């Protein structure tokens with residue numbers, strides 16, 4: 001079956017495994033807080049034709065990925081748009097494979113780049129990284145097309161320009177990466193660098209600056225919000241950076257390298273490969289600098305993975321295919337095994353967890369139908385709720401306070417490491433300074449059956465090194481929640497704010 005460069009078989013394998021990954025993901029859910037925001041922005045696009053959330057222009061996330069979801073899910077509700085997003089992601093990764101092939105990367109190596117635990121994990125989530133990774137590869141294809149364009153240069157110009165527009169609209173970091181593309185391109189191609197490529201890359205920088213300017217004009221901030229300085233210790237930053245990179249070596253680089261060593265005959269340097277490698281290193285460096293300066297998600301595979309993928313693509317661009325039948329068969333078999341491994345790594349533990357909870361046979365649609373507006377405040381005039389953590393519909397779907405609590409104003413304390421740890425004083429000030437009537441505000445413990453369950457959330461810790469940990473929640477705030485706790489019930493907000501135990 002595995003004879004020569006059986007590109008049809010390899011392409012079919014890429015399609016099958018990514019569609020299967022999308023089907024599993026659409027059943028399990030895989031929605032994070034960012035995912036819910038993307039989905040609501042997509043609905044905002046469909047209703048108002050621009051990125052809107054909470055009845056106003058929203059720029060915390062760029063508009064590209066929500067716009068794509070809006071185009072591909074007309075007339076669908078939030079949950080069905082989430083399901084559609086998984087198949088949109090699969091299409092993006094399949095398209096990424098096709099453009100890798102346009103770069104003259106051997107079929108088995110191109111497939112090994114898109115069939116890894118990393119790619120399946122990213123594809124499973126409703127995240128804009130899926131679109132950005134496609135844009136990175138499309139940019140490489142555009143540069144390559146510019147250097148091969150003789151009869152139809154206009155098509156090559158449009159391809160590169162389109163790639164950069166998609167990238168800038170997918171993730172803000174792409175604007176900085178576009179600058180690294182320019183520098184890397186000039187270093188790698190030297191005298192062979194084309195002026196029109198340089199011009200298009202420069203114009204993308206102008207477009208990015210204009211986009212940030214519009215955001216500043218409409219929101220007061222270039223990226224839609226004040227991204228405060230990082231409050232994490234340098235030791236924690238170094239630990240998470242090293243940990244994430246080690247995971248990516250194991251989950252992204254080693255699987256690809258295994259297939260590459262089998263399927264490749266030798267290696268031949270190419271200017272585009274050097275460009276890609278330099279951009280990959282620049283991407284990792286840019287993320288590191290931004291994270292050291294500003295507080296956002298900790299270093300993880302999601303943040304750093306695209307940079308490592310570019311490094312792997314750089315290696316693939318230098319490879320010359322080994323056409324030996326035996327090598328091809330072994331590499332194809334390895335690719336099959338890698339697809340199974342990637343599927344298990346992305347879904348195996350979650351499937352076992354859902355099965356143990358009796359939720360494996362329940363679809364995302366059924367789960368969310370039972371979840372929406374499930375909270376009963378016990379006060380018909382309730383205006384607001386304080387919650388330790390919005391309940392999750394299932395372990396693979398992050399809680400969403402708009403769906404669960406309906407129209408109530410929701411106050412949830414910020415916890416590390418995703419946010420700067422919020423003190424009790426800061427949280428109580430935030431609640432009191434709102435314009436809600438505190439006599440119609442409740443603290444929700446209805447989803448906690450015991451104080452031990454509450455402790456599982458409030459006593460959570462995160463590693464700051466191999467041997468040290470820090471608490472996620474402020475100690476005084478956690479103690480106040482424990483003091484007023486009543487299992488499976490709600491208590492007045494005044495009890496929490498004033499420290500007076502509620503009446504039983």
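Bear in mind these aren't lab numbers, they're just calculated from the coordinates by the rules spelled out. The structure presented is a predicted model; accordingly, all values stated were derived computationally and were not measured. Every residue, glycine as well, gets a Cβ built from its backbone with ideal geometry; the counts of neighbours run over all protein chains shown.
Observations
- Normalised contact order of segment 58-164, rounded percent, pairs of Cα under 8 Å and 6 or more residues apart: 25 percent
- Packing order of peptides 138-144, 9-15, highest average first: 138-144, 9-15 (average count of other Cβ atoms within 10 Å over each peptide's residues).
- Segment 98-134 and segment 440-458: distance between their alpha carbon centers, rounded to Å: 41 Å
- Modelled FRET efficiency - R0 41 Å, residue 452 with residue 254, Cβ distances, 0.05 increments: 0.55
- Here the calculated FRET efficiency for residue 437 and residue 52, from their Cβ-Cβ distance with R0 = 35 Å, stands at 0.80, rounded to the nearest 0.05.
- Cα-based Rg of segment 33-114 normalised by 2.2 N^0.38 Å, two decimals: 1.31
- Part-to-part distance (alpha-carbon centres) for segment 238-269 and segment 189-217, which is given in Å: 31 Å
- Volume of the convex hull of segment 244-286 (Cα atoms only), normalised per residue: 71 Å³.
- Protection proxy ranking for 377-383, 261-267, using the average of other Cβ atoms within 10 Å per residue and placing the highest first: 261-267, 377-383.
- Euclidean distance of C-alpha centroids, segment 468-504 and segment 1-68, integer Å: 39 Å
- Calculated FRET efficiency, residue 467 to residue 330, Cβ-Cβ distance, R0 = 51 Å: about 0.75 to the nearest 0.05.
- When only alpha carbons of segment 374-498 are considered, Rg and Dmax amount to 14.5, 49 Å.
- For the chain, diffusion coefficient by Stokes-Einstein and Kirkwood Rh (Cα), 25 °C, 0.890 mPa s, µm²/s: 100 µm²/s
- Highest to lowest packing among 17-25, 97-105, scored as the average C-beta count within 10 Å: 17-25, 97-105
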